[in-house]
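Heads up, the thing below is written out as structure tokens.
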Amino acid sequence: MKTIEHIMQTSPVIPVIVIDHLEDAVPMAQALVNGGLKVLEVTLRTEHGLAAIAEIKQQVPEAIVGAGTVITPEDLAASVAAGAEFLVSPGSTQALVDAALAQSVPLLPGVATPSEAMSLLAHGITYMKFFPAQAAGGIPMLKSIAGPLPQIKFCPTGGVSEVNAADFLALDNVLCVGGTWMLSEFDIATKNWAVIEQKAAIAASY
């Protein structure tokens, strides 16, 4: 099993994927991987999330597939059963942390404040999602947290775009960022996988 550290260091950008049509899952994943983004977060925001994880895992073996929007222990169990190699949550609860630690599954729990980060640190968790990154203070907040909590490494997500991704990645306590900018609704609707691959290649070069 890959560690969350290894996963976060594999790719500078983790695409946050929302699957509205299951038939899009595999070609979308393949386009992202072909572009150089091998770590994929498939959210559970739609009814197709779990099935998409299973299909991508089976048909795009070079991808590292995780589940996003994991909120409950039940979400966690279903995601692992579908083949998710890591889990991403917008926040964290004691129940979710306990379930992840019990299964030894890589978890990237979300935090927005130093207090939340310290609560996770008490469990030995040092890799976290900073969410919603821009709304929670963005780069200035991450710089401020780095002083007292230098052992924590983040994946900022939420308001991260092609405009500011490189600035986030320049921070010592940021290993990768999450975003959706390479997955425009128009390109997905028109199944323009070549353009998505091109946008992924640019993101992979950060």
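Name the lysines eligible as straight-distance cross-link partners of Lys57: C-alpha to C-alpha under 25 Å, and not fewer than 8 places from it in the same chain.
Lys2, Lys38, Lys129, Lys191, Lys199
Return the whole-Å distance between the Cα centroid of the range 4-66 and the Cα centroid of the range 115-177.
With the range 4-66 and the range 115-177 each reduced to a Cα centre, they are spaced 22 Å.
Select from Ala63, Ala122, Ala78 the residue whose mean-square fluctuation is largest in a Gaussian network model of the chain (Cα-Cα springs shorter than 10 Å).
Ala122
Over all directions, how big on average is the projection of the convex hull of the alpha-carbon atoms in the range 4-44, in square nanometres? Present the calculation step by step, with values, prior to reporting the outcome.
Values: hull surface 12.0 nm².
If you wrap the Cα atoms of the range 4-44 in a convex hull and average its projections, you get 3.0 nm².
Quickly estimate the mean residue ellipticity at 222 nm for the chain, helices only: each DSSP H run with n ≥ 4 gives -39500 (n - 2.57), and the total goes over all residues, rounded to 500.
That calculation yields -12000 deg cm²/dmol at 222 nm.
Could you tell me how many cubic angstrom of Cα convex hull volume the range 54-206 has per residue?
So the per-residue Cα hull volume is 123 Å³.
Which of the peptides 81-93, 169-181 is most tightly packed, and how do the rest follow, judged by the mean count of other Cβ atoms within 10 Å per residue?
Packing proxy ranking, top to bottom: 81-93, 169-181.
As an exercise, take the mean of 1/r over every pair of distinct alpha carbons in the range 4-140, invert it, and state the Kirkwood radius in angstroms. Before the final figure, lay out the partial values.
On the way: mean 1/r = 0.0662 Å⁻¹.
Computed over Cα pairs of the range 4-140, the Kirkwood hydrodynamic radius comes out at 15.1 Å.
Each reported figure results from applying straightforward, stated rules to the coordinates on display, with no laboratory input. Predicted model only: the values in this text are computed from it and were never measured. All Cβ positions, even for glycine, are placed from backbone atoms using ideal geometry, and neighbour counts span all protein chains on display.
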